[in-house]
Amino acid sequence: MKTNSFDLIVQDATICNSNKTFKGDIAIYQGKIVEVGHLSHKKSDNLIKASGLHVIPGVIDTQVHFREPGFEHKENIESGSAAAVLGGVSSYFEMPNTNPPTISAERLKEKLLKASKTSWANYAFYAGATTDNIDLLASLEQISGCCGVKVFIGSSTGSLLVSDDILIKEILLKTKRRVAFHSEDEARLKQRKNLITEQSTAHMHPVWRDVETATLATNKILDMARVLDRKVHILHVTTKDEIHLLSRNRNVASVEVTPQHLTLYAPKCYDLLGNYARMNPPIRDIEHLKGLWEGVDNGFVDVIGSDHAPHTRAEKECAYINSHSGMPGVQTLLPLMLNHYHHGRLSLERLVQLTSYNPANIFGIRNKGQISVGYDADIVLVDLNKKWVIDKNWLASKCGWSPFEGMEIKGYPKTTIIAGRVVASDGQLLGTPSGRALEFNLPG
């Protein structure tokens, strides 16, 4: 730029990308990063002094359930996206298992319109695959603001399910973009459901939805992807067995793990949290937690997604057999991962890779995931030294709880900036919702 005046300058920060950490300033103009370096001679009416803070790219959460339409009593786009920006998430992919489900162009466009008016963060929505809409998927995945196709091959929350091998292959053949899978084997889930009785507790969740339920499904998806030469994304991987399997199939599959599965483990989580620890696929024992971290350490895990899936307390505080699976997580994704950084589990650059750079690269999101000239000014200022406790008053989700409430964290998402505009700072929302639909580089 020729002018020395900018809309915003973030001054004297420690800037962290996926491959480099350095000291410098960030100049922002009309929503874009226009200069990065030592800019003391440049001017702006808006200056954020970031000495002692780190600046990372805005987190891209590739799996959230904001429950709108149909389940607004536990979340909606406005409340879920508010939780997102308060936690340092600047963009999200929202899932299709709403009511009605997002399985047509009409439903997809309804969500996009709603988000354009109420979302604090940038957004994209998955189109859900069903046994009846396979012929529509090729056109749905091309709609602006769609992040791709989501397939449940094992039943979970909602009615979406495609478990027939022939139909799954047809989905892969008729689409071009990377297809995301909830990977649990439906036949085995049905077979083992009789293990659950009226007296069962949440401790039975990983027994019913066991390791083989996950590995059978993931193996099947990978076999199809290799044969058909298609790219797939395996959501919320929970087993060390799948990590080993996926590590040998890097050419066709990308891998997502949640902060919950990197933090909680059985039986302790079920002892402490009961049904509040219930999610699909389940929290497993510490050997699987260690296996997931080996995947992070060895570069086999590509993405950290929250699988934010809120339910009310009433939907949790009932008999296990009747309780709902899922837990909120979009607001705690970054704090948990910063805490893991503090404990030496991963570098800050690896954290950035998992939460912004890789999601943008894998899914072809335009101008996101890096603090570089020409990229959108979606950034988060974090205080790596701040110790704090996750408190219910900080939580913005309608469900009003978190499995991590009361947990001491080191590392705080202080300020979230989207398109050069401060939208959240020190636990407070600023301004009004102004998120925009994400743009993608689509395959020809």
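Some points to look at:
- Globularity index of segment 115-218 is 1.28 (Cα radius of gyration / 2.2 N^0.38 Å, N = number of residues).
- Sites Asp223 and His41, calculated FRET efficiency, Cβ-Cβ separation with R0 60 Å, nearest 0.05: 0.50
- Burial ranking of peptide ranges 145-154, 72-81 (average Cβ count within 10 Å, highest at the top): 145-154, 72-81
- Normalised by the number of residues in segment 295-369, the mean separation of alpha-carbon contacts (under 8 Å, six or more apart) gives a relative contact order of 30 percent.
- Label-to-label distance, nm, for residues given as Thr432 and Leu113 (7 Å Cα→Cβ offset): 1.9
- Calculated P(r) of segment 146-207 - Cα pairs past 14 Å, %: 64
- Calculated FRET value between Thr131 and Thr312, using beta carbons and R₀ = 35 Å, to 0.05: 0.70
- The Kirkwood radius of segment 20-134, taken over pairs of alpha-carbon atoms, gives through the Stokes-Einstein law at 20 °C and 1.002 mPa s a diffusion coefficient of 129 µm² s⁻¹.
- R0 of 56 Å, Cβ-Cβ distance Lys20-Ser200: FRET efficiency to nearest 0.05: 0.65
- Note on segment 34-87: Rg/Rh from C-alpha atoms, Kirkwood Rh, equals 1.20.
- Stokes-Einstein, applied to the Kirkwood radius of segment 311-355 over Cα pairs at a viscosity of 1.567 mPa s and 4 °C, places its translational diffusion at 102 µm² s⁻¹.
- Proxy reagent accessibility, fewest Cβ within 10 Å first, across Ser40, Ser247: Ser40, Ser247
- Segment 374-444: Rg to Rh, with Rh as the Kirkwood radius over Cα pairs: 1.06
- A simple spin-label model places the labels of Ala319 and Asn441 5.4 nm from each other, with each point 7 Å out along Cα-to-Cβ.
- Ellipsoid semi-axes for segment 58-363, based on the Cα gyration tensor and the rule √(5λ), read 25, 22, 22 Å when sorted largest first.
- Contact order relative to length of segment 360-419, as percent, for alpha carbon pairs under 8 angstrom and 6 or more apart: 39
- Helix 333-342 axis, angle to the chain major axis (alpha carbon atoms, nearest 10°): 70
Any read-out appearing in this document is the output of simple, stated calculations on the displayed coordinates, not a laboratory observation. Note that the structure is a prediction, hence the values are computed from the model and not measured. Every residue, glycine as well, gets a Cβ built from its backbone with ideal geometry; the counts of neighbours run over all protein chains shown.
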